[in-house]
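Worksheet: the structure to be examined is printed underneath.
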Amino acid sequence: MKNIIVINPGATSTKLALYKDTELVWKEDITYQAEDLDHFANVFDQFDLRMADIEKVIHKHGLNEIDLAVGRGGLIGPVKPGAILANDALIDHLQYHPVLDHPSNMGAKLAKTLMEKYGQGKPAYIYDPVTVDSMRAVSRLTGIKGIERTSTGHHLNMRAVARKAAEDLGKDYKDLNLVIAHVGGGSSASGHEKGQVVDFVSDDEIMFSAERSGGMPIKSMIKEIKKIGLDDFNLLARKKAGLQSHCKTADLREVEKRIDQGDKEALLVFEALALGIAKTLATLAVSIDGPIDLVCLTGGMAYSERLCQAVSDKTHFIGPFKAYPGEFELEALALGGLRVLSQEESYQVLDFPEDN
């Protein structure tokens, strides 16, 4: 049995778990108040604090030796899916040249440091970072040369769901065509053709989410940007839009309570939410060559039976529907790492000559 530690650093928490092969032994959330972190100029300044708190948890559980540490992948830039060696070049890139400064960028360094201290210096990895990108060239193009569609989102969870779907269908992931939407505070969706993510939709393109705007008419966007300014518009579109804008709450459960109380506006917003998700899944379906084996919904909003039913009703012509509520990110890190240890999968070694 292999001791596998997985680490997922987020904005105000570090999620940590120990797996013995495929079995979860324990899971803990190390949480922080915003004021605990506000004085750090950038996320890597938090590293010593996060590492010390991780070690406290490890010592509490009496863990002295690990076989593998796998961290959440950060904003590296476009990479192939799967495992990536957490070497010095990757860590340097995530610290000094990331696409965006985000706590997930620390995942590689946290994993590597744990292996140096508790794993006899054996390799550490990250797995399915948020910038996984295997989109087809034709799917990248927009109507303006030089502006391309990108693939940044919930790849770790959606690829985990794809594997669960394959298991449920009794088939190999590489033999399936799937469309999957992760819906929550932010949302994204992906089209999987025979084990490859060939197209991707983020929550600034079609569907809105609990907090984000989804696609908007460009002429109206330009007017709003002129009126409130670019920074305020960005805050509006990324943090104060979606359910938050229409219903003054990002909690879908609250919206459903209002619907049950006869609130017609809440019902209309809910129906628009479901329609946007269904449109997104249908968009991805036409990017895939061949019939769709399963339409999947995951993320926090997938706990809503009402939403799942509404999306299923609108996508039944695409293929059968199944919900995978919540997220499976820690499990996905552990199982991905285990596949590398058992040599079922190889891993990537990245170099970044452009950083020099």
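Annotations
- Checked against (1) hydrophobic (A, V, I, L, M, F, W, C); (2) part of a loop (DSSP other than H, G, I, E, B); (3) farther than 23 Å from residue 328 by Cα, residue 75 passes all but a single condition, namely (3).
- Single condition residue 134 does not satisfy, out of (1) out of contact with any Pro (no Cβ under 9 Å at 6 or more places or on another chain); (2) farther than 28 Å from residue 19 by Cα: (1)
For every residue, the table says whether it meets (1) in contact with a helix residue (DSSP H, G or I) (Cβ under 6 Å, 6 or more places away or on another chain); (2) assigned to a strand (DSSP E or B).
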residue	(1), (2)
309	no, no
314	yes, no
317	no, no
325	yes, yes
330	no, no
334	no, no
337	no, no
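- Filtering region 167-179 to residues that are more than 10 Å from residue 280 (Cβ to Cβ) and either in a strand (DSSP E or B) or open to solvent by 10 Å² or more (accessible area, probe 1.4 Å) (or both) leaves 167, 168, 169, 170, 171, 172, 173, 174, 175, 177, 178.
- Residues in region 244-297 that are outside any helix (DSSP H, G or I), open to solvent by less than 70 Å² (accessible area, probe 1.4 Å) and β-branched (Val, Ile, Thr): 249, 288, 292, 295.
- A count restricted to region 185-194 and to residues that are open to solvent by 10 Å² or more (accessible area, probe 1.4 Å) and in contact with a helix residue (DSSP H, G or I) (Cβ under 6 Å, 6 or more places away or on another chain) stands at 1.
- Pairs meeting the criteria (first residue in region 211-236 and closer than 24 Å to residue 183 by Cβ, second residue open to solvent by 80 Å² or more (accessible area, probe 1.4 Å), beta carbons under 6 Å, at least 6 apart or on different chains) are 211/239; 212/238.
- Annotation: residue 150 fulfils all but one of (1) of a type in the set (S, T, N, Q); (2) in contact with a helix residue (DSSP H, G or I) (Cβ under 9 Å, 6 or more places away or on another chain); (3) at pLDDT 95 or above; (4) open to solvent by 10 Å² or more (accessible area, probe 1.4 Å); the unmet one is (3).
- Hey, residue 109 modelled with pLDDT of 95 or more, of a type in the set (D, E, K, R) and under 22 Å from residue 41 (Cα atoms) or not: yes
- Within region 63-86, the set of residues being at pLDDT 95 or above and open to solvent by 30 Å² or more (accessible area, probe 1.4 Å) comprises 67, 85.
Residues are listed down the side, and each one gets a yes or a no for (1) among the acidic types (Asp, Glu); (2) in contact (Cβ under 8 Å) with a residue 40 or more places away in the chain; (3) assigned to a loop (DSSP other than H, G, I, E, B); (4) in contact with a Gly (Cβ under 6 Å, 6 or more places away or on another chain):
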position: 30; (1), (2), (3), (4): no, no, no, no
position: 59; (1), (2), (3), (4): no, no, no, no
position: 69; (1), (2), (3), (4): no, yes, no, no
position: 89; (1), (2), (3), (4): no, yes, no, no
position: 92; (1), (2), (3), (4): yes, yes, no, no
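- Positions within region 14-35 being out of contact with any Leu (no Cβ under 8 Å at 6 or more places or on another chain) and either farther than 18 Å from residue 111 by Cβ or open to solvent by 90 Å² or more (accessible area, probe 1.4 Å) (or both), in sequence order: 23, 31, 32, 33, 34, 35
The values are calculated or read from the model by the stated rules, or taken from the named source; none is laboratory data. No experiment lies behind these values; they were computed from the predicted model shown. Because the Cβ atoms are built from the backbone with ideal geometry, glycine has one as well, and the counts that use them run over all protein chains shown. Each accessible area value is taken on the protein alone, full model and side chains, heavy atoms only, with ligands, DNA and RNA left out. Shrake-Rupley method; radii C 1.70, N 1.55, O 1.52, S 1.80 Å.
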